[in-house]
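Trainee: One structure, as structure tokens, below. Some questions next.
The values are calculated or read from the model by the stated rules, or taken from the named source; none is laboratory data. What you are looking at is a predicted structure, and each value in this text was computed from that prediction instead of being measured. Positions of Cβ are backbone-derived with ideal geometry, glycine not excepted, and every protein chain shown enters the neighbour counts. Surface accessibility is based on the protein's heavy atoms, side chains included, excluding ligands, DNA and RNA. Shrake-Rupley method; radii C 1.70, N 1.55, O 1.52, S 1.80 Å.
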Amino acid sequence: MGLLADTFIAPSIDAAMLEVDTNAAQFKAEFHRDIQSWSLDRREQAFLSGIADRRISGRALLSNAKVHRAAQSALIDAMADLWLREPERQRVWVTMAWDAGVSWERQPDVDLVSLKAITNRHLGRAGLEGFGVVETDVWKNIAGEEGRRLVSHVHFLGASAIGGHLKVREIEANMCSRRALSNSLGARSVVIKNVGPTVDDLTRIGRYMLKRPAFAKNPVPRADGGGFRLQDVAHARGSVSRLIELFSHCEVGNVIFSIGAGRTIAEKVRQAVRQEIAPRGSATPAPTHEEIQAHWARIRQSCGKGDFRPCRVITRADQRGRWLRY
């Protein structure tokens with residue numbers, strides 16, 4: 001096992017983490033480009049530094065670079081462990097993008113509870129178990145629309161819950177036919193592909209899941225009229241700071257989920273994040289949800305775009321808090 005790890009596993013993990021750090025550095029640079037012209041007092045400067053860059057404790061904010069790196073490093077390690085345990089098992093890569101995940105950059109509206117519940121239901125009906133992530137991107141403008149779309153979608157690494165061979169094309173066609181997973185742009189709402197057999201195939205997926213959205217998506221109409229293909233392009237100024245605002249309303253646990261045996265992966269990620277946000281001398285307590293709302297309201301008023309509205313993000317904690325208030 002030691003020789004196998006030295007020869008295949010460690011180099012694969014190192015290569016994936018190099019890409020993680022490159023991607024995160026670009027995302028950070030885009031964020032600081034966005035805010036460099038903002039007029040901020042020391043209080044708001046400290047707030048932005050805390051939610052984005054500094055070590056924090058108490059809450060695993062998705063916007064924070066150190067929290068994000070801990071989560072993604074653990075995920076890549078978990079993927080390597082998965083390959084070691086069952087190197088020849090059939091696995092599938094599922095992408096789900098349907099209308100429920102679409103809102104607007106000017107007024108984000110992301111219901112993470114609903115998106116994960118719908119995904120769990122449909123993947124469970126398809127006989128799949130595994131680990132998934134809700135990912136959010138900003139799109140470039142589509143002709144005729146008044147603003148940029150903010151699109152939340154799901155990536156899932158799955159396997160058969162009952163053993164046996166998965167008929168990928170049949171499962172994909174069946175899921176795409178479900179009215180609850182409609183895609184009004186004409187694209188397939190569900191795309192399923194077999195995962196390659198090497199450890200690199202899995203660590204690459206670990207890198208892709210939870211990755212920083214360092215690029216915007218440019219939807220280009222397909223020549224055959226079959227929806228759009230998405231190209232990576234540079235973000236418009238202000239889009240990355242908007243994503244940081246959105247992510248500051250989420251914790252890592254809000255965007256990951258598991259079905260069946262995928263709990264092992266999810267727990268490894270959660271444990272790494274718990275260690276990262278444990279109280280320590282160099283850590284600053286993370287702001288509360290109410291503090292984050294108040295800070296961003298002041299920042300949008302003095303520095304942001306006039307047509308940007310508050311982010312609406314629904315999580316389990318948000319639902320519990322709302323129930324307690326009423």
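Trainee: Note down the nm distance, to one decimal, between modelled labels 7 Å out along Cα→Cβ at PHE228 and at ARG106.
Mentor: Using points 7 Å along Cα→Cβ, the separation is 1.7 nm.
Trainee: Straight-line reach from LYS140: which aspartates and glutamates have Cα under 13 Å away, leaving out those fewer than 8 places along the same chain?
Mentor: GLU105, ASP232
Trainee: How much of the accessible area of the stretch 62-170, in percent, comes from carbon and sulfur atoms when a 1.4 Å probe is used?
Mentor: Carbon and sulfur atoms account for 50 percent of the accessible area of the stretch 62-170.
Trainee: Next question. With an 8 Å cut-off on Cα pairs and a minimum separation of 6 or more residues, tell me the relative contact order of the stretch 1-159 in percent.
Mentor: Once divided by the residue count of the stretch 1-159, the mean separation gives 21 percent.
Trainee: By the scheme Lys and Arg +1, Asp and Glu -1, what is the net charge of all other residues having a beta-carbon under 9 Å from that of MET17?
Mentor: Summing Lys and Arg as +1 and Asp and Glu as -1 gives -1.
Trainee: Could you check how many percent of all C-alpha pairs in the stretch 1-318 are farther apart than 29 Å?
Mentor: When every Cα pair of the stretch 1-318 is considered, 38 percent fall beyond 29 Å.
Trainee: List the lysines whose Cα lies under 24 Å from the Cα of LYS167, skipping any in the same chain that are fewer than 8 positions away.
Mentor: The reachable lysines, counting only those whose Cα sits under 24 Å from LYS167, are LYS116, LYS193.
Trainee: With every protein chain left in place, what is the accessible area per residue of the stretch 1-73 in square angstrom, probe 1.4 Å?
Mentor: Per-residue accessible area for the stretch 1-73 comes out at 50 Å².
Trainee: Turning to a different aspect of this structure: To the nearest 20 debye, what charge dipole does the stretch 1-318 have about its Cα centre, counting +1 at the Cβ of each Lys and Arg and -1 at the Cβ of each Asp and Glu?
Mentor: 420
Trainee: For LYS28, list the lysines whose Cα falls under 17 Å from its own Cα; do not include residues on the same chain fewer than 8 positions away.
Mentor: LYS28 reaches LYS66, LYS211.
Trainee: What are the DSSP H helices in the chain that stretch 24 Å or more along their long axis, judged by alpha-carbon atoms, and whose average Kyte-Doolittle hydropathy comes to at least -1.0?
Mentor: The qualifying helices are 10-35, 65-85.
Trainee: Can you pull out the trypsin sites (Lys or Arg not before Pro) in the stretch 195-256 that DSSP calls coil and that have at most 14 other Cβ atoms within 10 Å?
Mentor: Within the stretch 195-256, the qualifying trypsin sites (Lys or Arg not before Pro) (loop, at most 14 other Cβ atoms within 10 Å) are ARG222, ARG237.
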